[in-house]
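Right, one structure below, let's go through it.
Quick note: the coordinates plus some simple rules give every number you see, no bench work behind them. The structure displayed is predicted, hence computed values, not measured ones. Note: ideal-geometry Cβ built from the backbone for every residue, glycine included; neighbour counts use all protein chains shown.
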Amino acid sequence: LGSWRRCIDHHRLDPALTCEAYIVPEGQLREHQEESEPLIRIARSGLERLYQQLKGLDYVLLLADRHGVAVDFLGQQVQTEDLRQAGLYLGAEWREDRSGTSAVGACLATGEALIVHQSDHFDFTHTTLSCTAAPIHDLRGELAAVLDLSLLKAPAERASQQLALNLVVAAARRVELANLMAQSRRDWVLRFSQSPDFLDVDPDAAIGIDARGHIRSTTHAGARMLLQAAGLDWRQRRSLYGQPLQAF
């Protein structure tokens, strides 16, 4: 509902007008891919593993950058033309002001993982789709990308996508952790898990700390944990970096 209101009140979109998904020109796509190249490289193995888990279920996996452009894509080649028309394809632009309510656009606007199922979509063209998205944050807590798991033709029940939501949230968390580990080779990395048995293999959160004990980087879950401990709103994440860990 919030997304629909933004589309009408702020973006001045008309739900009575429909259009096919917009695919950015090839040169523009290359620019988006070059900007996101380090994250794409780190995320790719995680995306491929998730896609293999869902093989045979007709899911499409998109990695959209902070501008809402799909910079990486995994889907069945036999469906290429259908996927391109639906916007579940490389170069598709899913910002709210361009495409109305979608999982990628709403995730970019709110920073929250969510499901946009069939008629939740603003544009009638997309009402056969069910899309589930989760944010990927950079080391300073800024939203860097969105991981989206979509179906061209989904079951009518929204609850059918709850497992997809859990999978995409877990995959986004692992990408954030891999990114932090790759860029924190000179720092101490403090990892957290609700289960000690999983601390080394699949932690819930991580924080990078320099030699003086000051916070240099976090996963999104790590930032939220620190802010909660300090009684601060999670949107005040920028106040964390450079602070001594003992302050929390």
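For region 46-140, the dipole from Cβ point charges (+1 on Lys and Arg, -1 on Asp and Glu) about the Cα centre works out to 200 debye, to the nearest 20. For region 40-124, GluC sites (Glu not before Pro) are listed when DSSP marks them as loop and at most 10 other Cβ atoms sit within 10 Å of their Cβ; the list is GLU112. Electrostatic bookkeeping for LEU245 treats Lys and Arg as +1 and Asp and Glu as -1; over the other residues with beta carbon under 13 Å from its beta carbon, the sum is 0. Extending 7 Å from Cα along the Cβ direction at PHE248 and again at VAL201 yields two label points whose distance is 2.7 nm.
Take the chain, mark every one of the trypsin sites (Lys or Arg not before Pro) that falls in a DSSP loop and has at most 16 other Cβ within 10 Å, then report the longest stretch left between them, sites excluded. Walk me through the numbers on the way to the answer.
Numbers: sites that count: ARG12, LYS55, ARG140, LYS153, ARG185, ARG186, ARG212.
So the longest stretch without any such site is 56-139.
Here is the P(r) of region 81-157: all C-alpha pair distances, binned every 5 Å from 0, give 3, 18, 27, 27, 15, 6, 3, 1 in whole percents.
Across q = 0.07, 0.11 Å⁻¹, the chain modelled as identical point scatterers on its alpha-carbon atoms has Debye log10 I(q)/I(0) values of -0.24, -0.59, in the order of the q list.
With Cα atoms as the point set, region 101-248 shows a radius of gyration and Dmax of 17.2, 55 Å. Rounded to the nearest 10 degrees, what's the angle between the helix 37-53 long axis and the longest principal axis of the chain, both from Cα atoms, 0 to 90? Value to nearest ten degrees: 70. Label positions at GLU34 and ASP14, each projected 7 Å from the Cα along the C-beta direction, are separated by 3.8 nm. Note on the chain: dipole from Cβ charges, positive end direction compared against THR18, ALA103, GLY91; the farthest Cα belongs to ALA103. Across the alpha-carbon atoms of region 5-117, the computed radius of gyration and Dmax are 14.4, 41 angstrom.
If you line up the long axis of helix 220-229 against the longest principal axis of the chain, both from Cα atoms, how many degrees apart are they, to the nearest 10? Once rounded, one gets 50 degrees.
Extension gain for the segment SER193 to GLU26, taken as residue separation times 0.36 nm less the Cα-Cα distance, is 55.9 nm to one decimal. Computed from the Cβ-Cβ distance with R0 of 45 Å, the FRET efficiency linking ASP97 to GLU157 stands at 0.90.
Taking Lys and Arg as +1 and Asp and Glu as -1, the other residues whose beta-carbon sits under 11 Å from that of GLU142 total +3.
With the simple model of a label 7 Å out from the Cα in the direction of the Cβ, TYR241 to GLU112 spans 2.5 nm. Centre-to-centre, using Cα atoms only, region 189-203 and region 1-58 are separated by 31 Å. Against the longest alpha carbon principal axis of the chain, how many degrees, from 0 to 90 and to the nearest 10, is the axis of helix 26-35 turned? Once rounded, the angle reads 10 degrees.
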